[in-house]
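Q: Mind having a look at this structure? Questions to follow.
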Amino acid sequence: MPQKTLTGGSRTGTPVEAAPGHASARRWWILAVIAVAQLMVVLDATIVNIALPSAQADLGFSDGNRQWIVTAYALAFASLLLLGGRIADLFGRKPAFLIGVVGFAGASALGGAANGFTMLVVARALQGVFGALLAPAALSLLNTTFTDARERARAFSVYGAIAGAGGAVGLLLGGVLTDAFDWRWTLYVNVAIAVVAFAGGWLLLGSHRDAAGAKLDVPGTALVAGGLFALVYGFSNAETHDWGSPLTWGFLLAGGLLLVAFAWWQTRAAHPLLPLRILLDRDRAAAFLAVLISGAGMFGVFLFLTYYLQIDLGFSPTKTGVAFLPMVGALMVAAQLGTTVLLPRMGPKAVIPLGFAIATAGMAWLTGIGLGSHYASAVLPQVIVIGAGLGLVMPPAMQLATGGVAAEDAGVASATVNAMQQVGGSIGTALLNTLAASAATAYLSGHDAGSELVRAQATIESYTTAFWWSAGFFAAGTVIAFLLHRRGVPRQDAGAAPVVHM
């Protein structure tokens, strides 16, 4: 007799039985809702970047202030992620999800209607605040909804593909909206997406609090929020200041000290914000590091390749976005293959290092671009290889990072995944920008800087330097993943498997 799936239906949170077929179909609809919400959050990491020149011309803010349109979102999002994840555990994932969706949409509408720089920065910061509530709620809902190993693998292949390819989709959508309408529509589009996510969440999700008996760790929240804020702010300052500036190393040092203090406090708190049992599992720790390294290395693809396509090859914003689609397609195919076929048969010690190694080869191959290169030969095959490699890394790593976690810790474990990706992106932004600028300066110092051809070649030198360092990140990920992951196929802990609440 087939086992019935338990679903939450009463106000007391007592599970009630539902027909297996109905519950299974409902789970996939929930996945669709979660995917839509996650896409909205991930898109905003890049969709506004394409529209920045238009927004700057319209609102009249300076080049020095331009970075705050991106940084305001990253600071709020990264520093509040663990708090958002714990709120979802304590007060319920459905209300956290719905409030996050509505707040994100409202902040997006505010940004789209901005009449000046300050209003736009405030709106972007509010997007980060509500995104920090929405993203971990969405991932923890995925983690607690799909407990069957095969269905879980499929679900995470979809989610991981969105997390990995969302930045490229954001570039495409941002280009289309900016070219066809106006920069403001790169923000207004979130309202339309939010309507779909909210309606689906309201109808399909059930209210349940897995950590209702716990309390919020206020000192831990303050320490980790301050630490992550200082860390991201320090790396962001490295773009506009040098590494010797107190605004860079001072904040990085302060962030590191606060995070050390946070780790110490978590060993003593009665209700820790991030229970250390989540981090001490080898496979889970390796998965978190894989997400961090992927976030750092992917920046080299999105930002510098975007510059190359638009400035050197003359692509429009829309055409640039389309140029990334083959990478998205390769990532999605590899995500499905990695999570549903390879990971259950070979285990993470084989799959994740293999993905990193493929991505390393693709990035190294991409360094062959030049002034006279063509997209079809110097970019297209390379981005397909990179996408295939990342598809074998991101979705399996996200699945492993949240797998086997007790239901009451699902939100904060999911938040840690998002935090790793965000901090990795910030590290990649700062390091690769600095290294690329240094490479261009070094090239010009040894050549005739007045020559237009020399300046163009210096720009290419900066791109290829960033690509080589991204390849280095992925190569390091290959070694780290191979050394840390256990042999064999991971088995889900039946004792930790959460009841499905829908």
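Q: With (1) over 30 Å from Ser54 (Cβ atoms); (2) at pLDDT 85 or above; (3) outside any loop (DSSP other than H, G, I, E, B) as the list, and Leu305 as the residue in question, which single condition is left unmet?
A: (1)
Q: Same structure again: What number of residues within the range 301-355 satisfy the criterion of being under 30 Å from Arg282 (Cα atoms), over 20 Å from the mean Cα position of the chain (by Cα) and of a type in the set (S, T, N, Q)?
A: Selection size over the range 301-355: 1.
Q: State all residues of the range 300-315 that are open to solvent by 50 Å² or more (accessible area, probe 1.4 Å) and in contact with a helix residue (DSSP H, G or I) (Cβ under 9 Å, 6 or more places away or on another chain); if no residue qualifies, say none.
A: Matches in the range 300-315: Tyr307, Gln310, Ile311.
Q: Using the structure shown, decide if Ala287 is touching a Gly at 6+ places or on another chain (Cβ under 6 Å), at pLDDT 85 or above, within 27 Å of Ser414 (Cβ to Cβ) and assigned to a helix (DSSP H, G or I).
A: no
Q: What are the residue pairs meeting all of these: first residue in the range 51-75, first residue assigned to a loop (DSSP other than H, G, I, E, B), second residue open to solvent by 60 Å² or more (accessible area, probe 1.4 Å), Cβ atoms under 8 Å, and 6 or more apart or on different chains?
A: none
Q: Go through the range 446-476 and give me each residue that's touching a Phe, Trp or Tyr at 6+ places or on another chain (Cβ under 6 Å), closer than 23 Å to Gly425 by Cα and at pLDDT below 95.
A: Passing the criteria: Glu461, Tyr463, Ala466.
Q: Here's a follow-up. Would you check if Met502 is assigned to a helix (DSSP H, G or I), crowded, with 19+ Cβ neighbours inside 10 Å and either touching a strand residue (DSSP E or B) at 6+ places or on another chain (Cβ under 6 Å) or at pLDDT 80 or above (or both)?
A: No.
Q: I need the full set of residues from the range 223-248 which are farther than 16 Å from Asn433 by Cβ and buried (at least 16 other Cβ atoms within 10 Å of the Cβ), in order please.
A: Leu223, Val224, Ala225, Gly226, Gly227, Leu228, Phe229, Ala230, Leu231
Q: Select from the range 278-293 the residues that are surrounded by fewer than 18 Cβ atoms within 10 Å (Cβ to Cβ) and either among the aliphatic types (A, V, I, L, M) or more than 22 Å from Val489 (Cβ to Cβ) (or both) and list them in ascending order.
A: Leu279, Leu280, Ala285
Q: Could you tell me which of the residues Gly338, Gly355, Gly370, Gly347 is open to solvent by 10 Å² or more (accessible area, probe 1.4 Å) and at pLDDT 85 or above?
A: Selected residue: Gly370, the only one of Gly338, Gly355, Gly370, Gly347 that is open to solvent by 10 Å² or more (accessible area, probe 1.4 Å) and at pLDDT 85 or above.
Q: May I ask you to say which residue of Gly206, Gly297, Gly255 is modelled with pLDDT under 90, open to solvent by less than 40 Å² (accessible area, probe 1.4 Å) and either among the aromatic types (Phe, Trp, Tyr) or assigned to a helix (DSSP H, G or I) (or both)?
A: Gly297
Q: Before we move on, is Thr178 surrounded by fewer than 21 Cβ atoms within 10 Å (Cβ to Cβ), over 21 Å from the mean Cα position of the chain (by Cα) and at pLDDT below 85?
A: No: the conditions fail for Thr178.
Q: Within the range 36-57, track down each residue that is among the small types (Gly, Ala, Ser) and crowded, with 20+ Cβ neighbours inside 10 Å.
A: Those that are among the small types (Gly, Ala, Ser) and crowded, with 20+ Cβ neighbours inside 10 Å: Ala37, Ala45, Ala51, Ala55.
Q: Still on this structure, I have one more. Considering the range 387-413 alone, what residues qualify as being among the small types (Gly, Ala, Ser) and part of a helix (DSSP H, G or I)?
A: Scanning the range 387-413 gives Gly387, Ala388, Gly389, Gly391, Ala397, Ala401, Ala407, Ala410, Gly411, Ala413.
Q: State which residue is farthest from Gln421 (Cα to Cα) when the search covers only the range 134-187 and only residues that are of a type in the set (Phe, Trp, Tyr) and outside any helix (DSSP H, G or I).
A: Among those residues, the one meeting the criterion is Phe181.
Q: Right, here's the next one. Looking for something open to solvent by 30 Å² or more (accessible area, probe 1.4 Å), hydrophobic (A, V, I, L, M, F, W, C), in a helix (DSSP H, G or I) and more than 20 Å from Leu309 (Cβ to Cβ) - is there at least one such residue anywhere in the range 419-430?
A: yes
Q: Filter the range 58-94 down to the residues that are at negative phi and in contact with a Lys or Arg (Cβ under 7 Å, 6 or more places away or on another chain), then identify the one that is surrounded by the fewest Cβ atoms within 10 Å (Cβ to Cβ).
A: Going through the qualifying residues, I end up with Phe91.
Q: Looking at the range 228-252, which of its residues are small (Gly, Ala, Ser) and assigned to a helix (DSSP H, G or I)?
A: Ala230, Gly234, Ser236, Ala238, Gly250
Q: Separate question: Any residue in the range 10-23 that is part of a helix (DSSP H, G or I) and modelled with pLDDT of 75 or more?
A: No, there is no match, as no residue in the range 10-23 is part of a helix (DSSP H, G or I) and modelled with pLDDT of 75 or more.
The values are calculated or read from the model by the stated rules, or taken from the named source; none is laboratory data. Quick caveat, the model's predicted, so the values are computed rather than measured. All Cβ positions, even for glycine, are placed from backbone atoms using ideal geometry, and neighbour counts span all protein chains on display. The accessibility values were calculated without ligands, DNA or RNA, using every heavy atom of the protein model including side chains. Shrake-Rupley method; radii C 1.70, N 1.55, O 1.52, S 1.80 Å.
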